[in-house]
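Since the structure comes first, as structure tokens, the remarks are kept for the end.
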Amino acid sequence: MDGDSCENFALSDYFTDKDGLLTLSPKQQRKLWQWRRASHIYTSPLIFGQHGCGHIVQETVTDCSFVAALCVSIEYEHRFGRQLITQHIYPQGRSGKPAFNPAGKYMVKLFVNGLWRRVTIDDLLPVAESGKLLCTYSISSDIGQCLMEKAFLKVMGGYDFPGSNSSTDLHVLTGWIPEHIFVQDQAFDALQTWERMYDGLHSGNVLLTIATGEMSSDVASALGLVPSHAYAVLDVRDVCGHRLLMVKNPWSSLRWTGKFSHADQTNWTSELKQMLDYDPAAAENNDQGIFWIDFES
């Protein structure tokens, strides 16, 4: 690993991965127009140069667990000012931050089967005829999530991905030890779990994702949730006697509609809105898939 910074990224021509293009699902193949270089998609590409994860959008790849894991990792970096996953992307500038490579060659380190492993990729990305990326993308010109996802899915078998869970995906991204907590389990301790979540997130010792189970389409539609879907937890707050979680749907659309949602006209007091810097009325017309939900719900 000491020689990682010595990898040759300064090439005279575009780099093409010798392992070829990643496998697409039948649905993705039907939508595919062409594979394009990042520099042909964006005029001035960035690599995780945007603040937070609000700009990250999951597309046709069924990897919500990975995107949720990616979002909480990026949110951690901005909250604590410490590199967690961006330190594993090469090439890097003098500050140790990942740098755009005009040749399109990148190396990403992932923790797979107990070891940090180098995954080399090119920046060819699948694009639909509309010009929209078929992989996870940014609403700005940021390609960091495209590169991380491509490296991860190269290891996992391609864009035709059957899905995973955020615990194992966070382990691959960070090397941090994962833990599943099942809220329906008889041994589930709500108070202890809340305290561990709250203390761990605010001290920088915990990354949090949550996921729904199976539910009927009618129930899911009424709640504004997606069945068997992973969500990123961006913040945990104890305010005015309410225990609340700030959550992001990786789709960057479709939000919880129950208690403390943007649609809740009962529980949002002026004090609570001020302390959380949240305006439900403004959020009504700005759907990034980010919402507040109370811990009990």
0 to 90° range, to nearest 10: angle between helix 64-80 axis and the chain longest Cα axis: 80
Per-pair calculated FRET efficiency, R0 = 45 Å: residue 11 and residue 194 via Cβ, rounded to 0.05: 0.30
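By the gyration tensor of its Cα atoms, with a ≥ b ≥ c the square roots of the eigenvalues, what is the shape of region 1-113: rounded for a/c under 1.5, prolate for a/b over b/c, or oblate?
Values: a/c = 1.57, a/b = 1.10, b/c = 1.43.
Taking the square roots of the gyration eigenvalues as a ≥ b ≥ c, region 1-113 is oblate.
Relative contact order for region 23-172: what percent, with Cα pairs under 8 Å and sequence separation of 6 or more? Could you put the intermediate results ahead of the total?
Values: 249 pairs, mean separation 56.5, N = 150.
For region 23-172, the relative contact order is 38 percent.
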Largest to smallest principal axis extent of the C-alpha atoms in region 47-175, angstrom: 38, 31, 27
Estimated Rh, the chain: Kirkwood, alpha-carbon pairs, angstrom: 20.2
Restricting region 25-92 to trypsin sites (Lys or Arg not before Pro) in coil, as DSSP defines it, with at most 11 other Cβ within 10 Å: 82
For region 115-157 and region 14-34, distance of Cα centres in Å: 11
Angle between the chain longest axis and helix 190-203 axis [Cα atoms, degrees, rounded to 10]: 50
Global geometry of region 193-293, whether rounded, prolate or oblate, following the gyration tensor of its Cα atoms and the 1.5 cut on a/c: oblate
Amide H contacts under 5 Å for residue 235, placed H, 5+ residues apart: 246
Karplus 3J(HN,Hα) series, Hz, for region 124-141 with 6.51 cos²θ - 1.76 cosθ + 1.60 (x for Gly, Pro): 6, 10, x, 10, 7, 4, 6, x, 7, 5, 8, 9, 4, 9, 10, 6, 9, 8
Amide H within-cut-off set for residue 92, under 5 Å, with H built and near neighbours excluded: 99
Computed [θ] at 222 nm, deg cm²/dmol, the chain (DSSP H ≥ 4; -39,500 (n - 2.57); rounded to nearest 500): -8000 deg cm²/dmol
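Assigning unit charges at the beta carbon (Lys, Arg +1; Asp, Glu -1) and nothing else, what dipole magnitude in debye, to the nearest 20, does region 150-227 show about its Cα centre? Walk me through the numbers on the way to the answer.
Numbers: 3 positive and 9 negative charges, 77 e Å.
Dipole size: approximately 380 debye.
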Amide H within-cut-off set for residue 119, under 5 Å, with H built and near neighbours excluded: 108, 109, 110
Degrees separating the helix 144-156 axis from the principal Cα axis of the chain, which is the longest one: 80
Modelled FRET efficiency - R0 25 Å, residue 29 with residue 155, Cβ distances, 0.05 increments: 0.75
Cleavage-rule hits, chymotrypsin sites (Phe, Trp or Tyr not before Pro), region 188-280, DSSP coil, Cβ neighbours within 10 Å at most 13: 188
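Just so you know, all these numbers are worked out from the coordinates, no wet-lab data involved. This is a predicted model, so every value here is computed, not measured. Positions of Cβ are backbone-derived with ideal geometry, glycine not excepted, and every protein chain shown enters the neighbour counts.
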